[in-house]
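Single-structure report; data block below.
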Amino acid sequence: MRHVSEADRDGLRATMPELLRVRFGIENVNRPFRCPSPGHDDRTPSARYYANGHTVHCFGCRRTWDVFTLVGEADGIEGFAAQAEAVAGYVGYRLNDGTGERKRRSPKRTVAKPEPFPEPKVAGGPDVSDICDRAWSNLYLHGCEEGRRYLRSRGLDDTDIVRHGLGFCFDPRRIMGQFSIYEPHAVGYLVIPFWSQDFRRADYVMVRTISHGQVRHKEWRPKGVTSPLYKEWMLSAGLPVVYVTEGLIDAMALEKVIGRPVMALGGTSYAGRLAQVLAHTDESLRPRRVVIAMDADTAGRKARDQIAGDLDKIGVKHSDIPAYPEGCKDADDWLMSMRGTEWDWECRPMGTADELHTLWTTRWHDGR
Ligand SMILES: [Zn+2]
């Protein structure tokens with residue numbers, strides 16, 4: 001049996017996109033595709049390619065393959081060496097012949113330049129837009145009033161529900177099976193789908209616990225699914241300006257106040273992904289300016305500095321949001337501080353974008 005060198009093993013492993021194309025007819029590995037396993041009669045695109053490990057994972061049958069196990073299963077080939085040969089055959093890779101004199105390959109490793117912004121991990125799971133639509137209509141069902149009450153307590157009304165495609169549910173696992181939540185006091189969950197720009201797809205969802213008692217975690221994410229940024233599409237939509245907040249609710253609050261596109265990191269630990277996505281987005285599609293709107297606390301300032309430094313390296317113009325007035329910590333705080341004063345959010349949910357923006361900018365400058 002032929003010996004497969006470590007270099008060949010790594011080389012072959014990296015041919016997954018080619019293997020998917022040649023053997024399985026999958027042209028675009030950046031989109032979900034039907035599960036390649038012959039044992040899984042997949043009706044929807046449940047599988048994804050993960051460039052970081054060159055693997056394929058199926059969210060339906062919950063299995064993961066590399067090139068060897070994938071060919072092994074699809075073609076019924078057992079044994080690593082035979083699988084390696086099969087992969088090499090499909091993708092036209094020439095294996096180093098292990099016979100004859102053992103010529104030691106000079107250990108001349110080409111030292112790759114450290115990539116400052118590695119390609120972001122493929123994020124999200126299969127499309128759950130249908131069930132997110134149902135979660136939206138739940139908000140208006142008798143017995144599910146908690147969802148809208150919760151949003152109203154944060155200054156968000158029906159206009160915002162529609163604009164952001166929010167929803168309500170009692171069991172997040174029915175939306176994404178990867179949720180694993182223990183909240184004994186929850187009366188339900190606010191559903192925040194990560195919709196695509198055209199609202200046709202939602203491949204990630206975060207939920208917020210609604211409870212009158214204790215809450216273990218305010219926000220829950222599906223386990224084992226890489227999280228995209230909230231409204232990540234804004235980074236490749238050629239927008240003149242995009243605001244970025246920490247929290248999802250903050251993004252909605254800020255967008256309501258200023259009437260400009262606002263996206264969210266979903267936590268300061270996702271600041272790195274922002275730069276990764278931008279670095280791998282065509283220059284013409286990037287926002288022309290990013291306004292960094294982190295919380296006014298230590299973690300927020302640290303994230304702000306990191307993002308500003310990254311954007312300088314990538315060459316994206318940026319500015320920092322001026323301090324929120326009256327000591328508000330974040331955008332939602334600020335929205336709530338305006339409640340019942342400048343505008344009555346229950347009766348008149350939205351001024352025109354320009355009115356609000358003018359109001360906001362004058363408040364800023366007056367306050368300084
Ligand atoms: Zn599958």
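The values are calculated or read from the model by the stated rules, or taken from the named source; none is laboratory data. Treat the numbers as computed from the prediction; the structure is a model and nothing was measured. Here the Cβ is made from the backbone with ideal geometry for all residues, glycine too, and neighbour counts use every protein chain on show.
For residues that are closer than 21 Å to E119 by Cβ and away from the ligand (no atom under 16 Å from the Cβ), scanning just segment 17-28, find the one that is surrounded by the most Cβ atoms within 10 Å (Cβ to Cβ).
If we filter segment 17-28 for residues that are closer than 21 Å to E119 by Cβ, which is where we start, we get 17-21, 26-28.
From the residues that got through so far, the ones that are away from the ligand (no atom under 16 Å from the Cβ) too are 17-19, 21, 27-28.
Details: P17: 17, E18: 16, L19: 26, R21: 16, E27: 10, N28: 11.
Residue satisfying both the conditions and the ranking: L19.
Of the candidates M338, M294, the single residue that is at pLDDT below 90, among the hydrophobic types (A, V, I, L, M, F, W, C), surrounded by 18 or more Cβ atoms within 10 Å (Cβ to Cβ) and not assigned by TED's automatic domain parsing to the domain that holds R163 is M338. When Y50 is tested against (1) surrounded by fewer than 20 Cβ atoms within 10 Å (Cβ to Cβ); (2) within 11 Å of the ligand (Cβ to nearest atom); (3) not aliphatic (A, V, I, L, M), just one condition goes unmet, and that condition is (2).
So which residues in segment 53-68 are crowded, with 16+ Cβ neighbours inside 10 Å and farther than 27 Å from S129 by Cβ, if there are any at all?
Going through segment 53-68, the residues crowded, with 16+ Cβ neighbours inside 10 Å turn out to be 54-60, 63, 65-68.
Listed by number, the residues that qualify are H54, D66, V67, F68.
Here's a check for you: in segment 34-47, which residue that is touching a residue at least 40 places away in the same chain (Cβ under 8 Å) and in contact with a strand residue (DSSP E or B) (Cβ under 6 Å, 6 or more places away or on another chain) is farthest from the ligand (Cβ to nearest atom)?
Within segment 34-47, the first condition is being touching a residue at least 40 places away in the same chain (Cβ under 8 Å), and the residues that meet it are 44-46.
Then drop every residue that is not in contact with a strand residue (DSSP E or B) (Cβ under 6 Å, 6 or more places away or on another chain), which leaves 45-46.
Working: P45: 10, S46: 6 Å.
So the residue we want is P45.
Considering only segment 128-154, state which residues are small (G, A, S), modelled with pLDDT under 90 and within 25 Å of the chain's Cα centre (by Cα). The answer is S137, and nothing else. Tell me whether segment 138-149 contains one or more residues that are touching an Asp or Glu at 6+ places or on another chain (Cβ under 9 Å) and under 18 Å from Y204 (Cβ atoms). The answer is no; no qualifying residue exists.
Those strands (runs of 3 or more DSSP E) of segment 201-274 in which 2 or more residues are closer than 26 Å to V122 by Cβ and either among the β-branched types (V, I, T) or at pLDDT below 95 (or both) occupy 202-211, 241-245. Could you pull out every one of the helices (runs of 4 or more DSSP H) wholly within segment 1-105 that has 3 or more residues that are within 26 Å of G224 (Cβ to Cβ), more than 27 Å from the chain's Cα centre (by Cα) and β-branched (V, I, T)? Passing ranges: none, list empty.
So that you can scan it fast, the table gives a plain yes or no per residue for (1) polar (S, T, N, Q); (2) more than 30 Å from A123 (Cβ to Cβ); (3) within 16 Å of the ligand (Cβ to nearest atom); (4) in the same structural domain as N30 (by TED's automatic domain parsing):
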site: F59; (1), (2), (3), (4): no, no, yes, yes
site: R62; (1), (2), (3), (4): no, no, yes, yes
site: V67; (1), (2), (3), (4): no, no, no, yes
site: G72; (1), (2), (3), (4): no, no, yes, yes
site: G76; (1), (2), (3), (4): no, yes, no, yes
site: F80; (1), (2), (3), (4): no, yes, no, yes
site: A86; (1), (2), (3), (4): no, yes, no, yes
site: N96; (1), (2), (3), (4): yes, yes, no, no
